[in-house]
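Here is the structure we will look at, set down as structure tokens.
The values are calculated or read from the model by the stated rules, or taken from the named source; none is laboratory data. What you are looking at is a predicted structure, and each value in this text was computed from that prediction instead of being measured. Don't worry about glycine lacking a Cβ; one is built from the backbone with ideal geometry, like all the others, and counts go over all protein chains shown. Remember, those area values only see protein heavy atoms, side chains included, never the ligands or the DNA or RNA. Shrake-Rupley method; radii C 1.70, N 1.55, O 1.52, S 1.80 Å.
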Amino acid sequence: MFTMTSTILRNLLKEPATRRYPASVRPSFEAARGEIRNDIHVCTFCGVCAVKCPSQCITVDRKAADWSYDPSACVQCGVCAEVCTSGSLQQARDYRKPVRKKELVVLKGATTPPKHSDPPVTG
Ligand code: SF4
Ligand code: SF4
């Protein structure tokens, strides 16, 4: 009886073993593979990330200058960031906040990239 009472008291007084995530977030580990972020102003819409993504969760529309990805399908392998030709795609160390609804991340470039058939810019 005494052992049980002391165990209950100890458990009531000690720090909880879990965090109240997302209100309390632990700092990420140095090698953590977190959320994928794209600096859309640097992206050239080459489409390499979409081709290499093993989950096929990236879509690139070069004509419309659209880059989108489905975070719920992403396995955070980091391949897209490794192969990104412009360096616009980065893998952060922190994780995406939990969401109630699945949503695509859709990023729109400021300008439509030049077509290959466009004459070269001179001068
Ligand atoms: S981290 Fe991996 S799964 Fe996620 S978008 Fe990039 S290549 Fe695809
Ligand atoms: S590989 Fe990089 S530059 Fe090419 S479409 Fe993907 S994010 Fe943009």
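Table for the structure above
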item	result
Surface accessible to a 1.4 Å probe, C49 within the full protein complex, Å²	10
Euclidean distance between Cα centres, segment 90-111 to segment 1-66, Å	12
The chain pair-distance distribution - Cα-Cα, 5 Å bins, rounded %	2, 9, 15, 17, 14, 10, 7, 6, 5, 4, 4, 3, 2, 1, 1, 1, 0, 0
Heavy atoms of C53: accessible area, 1.4 Å probe, square angstrom to 10	20
Rounded tilt (10° steps) of 2-13 against the dominant C-alpha axis of the chain	40
Cysteines not pairable in the chain (beta carbon separation under 4.7 Å absent)	C43, C46, C53, C57, C74, C77, C84
Model label zone, R93; criterion: amide N under 17 Å from point 7 Å along Cα-to-beta-carbon; scope segment 1-45	25-37
